[in-house]
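Novice: Quick one: this structure, given as structure tokens, is what I'll be asking you about.
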Amino acid sequence: MIKKSVVLVFFLWTFTATECHAIGIGNFAITSDKHSENENLAQIVQSEFGSDYRIADWNDIVAYYSSTNDVELFEQAFGPGSMLTYNGNRWYSSSRQYFYSISKRPGQTPHDGYLSHANIDNHTFDLGSWYNRNLYILVYTDSPNDEGKGEYAQGYEDGRQACIDNPASCGITASDCEPIPLEADLSFHLPRINYNSPAGLLQLWADFAFTPIDNRLLFEVVDFGEVVTDD
């Protein structure tokens, strides 16, 4: 059982509160076929997606994960590993092309025989390099609303626009996006939190109290419980 005296610093790593924001995955797409690292990848991207797209860079994934913290959605859309660049460069050496990898072993270095040149969130994503591997090419655009985007990105934008036009069609009600009131003593109530527990995803509510410790602005969980639905 989780102790109710655990401070918010712990819960920030454990809980993902329900938010109302757009996901940046629409900036990415992926090629329809796998390619050799010896091909002209930039030309392939231009031919398939148009001039607004380029080979995605590792730093694009860093920015995406910093904004969304959603590796599952990224893997569903683009798979566990594709070719990209690192700081604008395709090659780690004369023959080893960079690629990203979703390891399925967070907290551990890759076990597929390649070095991790960089990683995100304790090896949730890894940057590797290798040769003679036919992989898809991850691509990126700063203008995802233009023509020429990949099939997934287009579907994402269409679905997102449908939710904007009719939020109820996506199960979004006004109460889902209402601001959370902060009381005079800085306490607040979160009506819905997604908790990734060892037993699976749970929806919880929680009450927080302001409890500064050693000049650090911390909030303590003073009470919580599971959200009860009418289903």
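Novice: Restricting to the range 183-207, name every residue that is surrounded by 12 or more Cβ atoms within 10 Å (Cβ to Cβ), over 19 Å from Asn69 (Cα atoms) and among the hydrophobic types (A, V, I, L, M, F, W, C).
Specialist: Selection gives Leu186, Phe188, Leu190, Leu204, Trp205, Ala206.
Novice: Tally the residues that are surrounded by fewer than 11 Cβ atoms within 10 Å (Cβ to Cβ) and not in a loop (DSSP other than H, G, I, E, B), restricting the search to the range 208-231.
Specialist: Count: 4.
Novice: A further question on this structure: Is it true that some residue in the range 102-110 is in contact with a strand residue (DSSP E or B) (Cβ under 8 Å, 6 or more places away or on another chain) and within 20 Å of Ile25 (Cβ to Cβ)?
Specialist: The answer is yes, given that some residue of the range 102-110 is in contact with a strand residue (DSSP E or B) (Cβ under 8 Å, 6 or more places away or on another chain) and within 20 Å of Ile25 (Cβ to Cβ).
Novice: Quick check, is Ile180 of a type outside the set (D, E, K, R) and over 21 Å from Glu72 (Cβ atoms)?
Specialist: Spelling it out, Ile180 is indeed of a type outside the set (D, E, K, R) and over 21 Å from Glu72 (Cβ atoms).
Novice: So in the range 74-96, with the set limited to residues that are in contact with a Leu (Cβ under 8 Å, 6 or more places away or on another chain) and under 14 Å from Leu41 (Cβ atoms), which one is surrounded by the most Cβ atoms within 10 Å (Cβ to Cβ)?
Specialist: Selected residue: Met83.
Novice: Looking at (1) in a helix (DSSP H, G or I); (2) at pLDDT 65 or above, which is the only condition Glu157 fails?
Specialist: (2)
Novice: Could you please find all residues in the range 169-207 being outside any strand (DSSP E or B), aliphatic (A, V, I, L, M) and either within 17 Å of Phe224 (Cα to Cα) or modelled with pLDDT of 65 or more (or both)? First the steps, then the outcome.
Specialist: First pass over the range 169-207, keeping only residues outside any strand (DSSP E or B): 169-187, 198-199.
Still in the running and aliphatic (A, V, I, L, M): 172, 174, 180, 182, 184, 186, 199.
Hits for the range 169-207 are Ile180, Leu182, Ala184, Leu186, Ala199.
Novice: Let me ask another. Which residues, counting only those in the range 123-143, are under 12 Å from Asp60 (Cβ atoms) and either without any contact (Cβ under 8 Å) to a residue 24 or more places away in the chain or of a type in the set (D, E, K, R) (or both)?
Specialist: Once the filter is applied, which keeps residues that are under 12 Å from Asp60 (Cβ atoms) and either without any contact (Cβ under 8 Å) to a residue 24 or more places away in the chain or of a type in the set (D, E, K, R) (or both), the range 123-143 yields only Asp142.
The values are calculated or read from the model by the stated rules, or taken from the named source; none is laboratory data. Just so it is clear, the model here is predicted, and its values are computed rather than measured. Neighbour counts run over all protein chains shown; Cβ positions are idealised from the backbone, glycine included.
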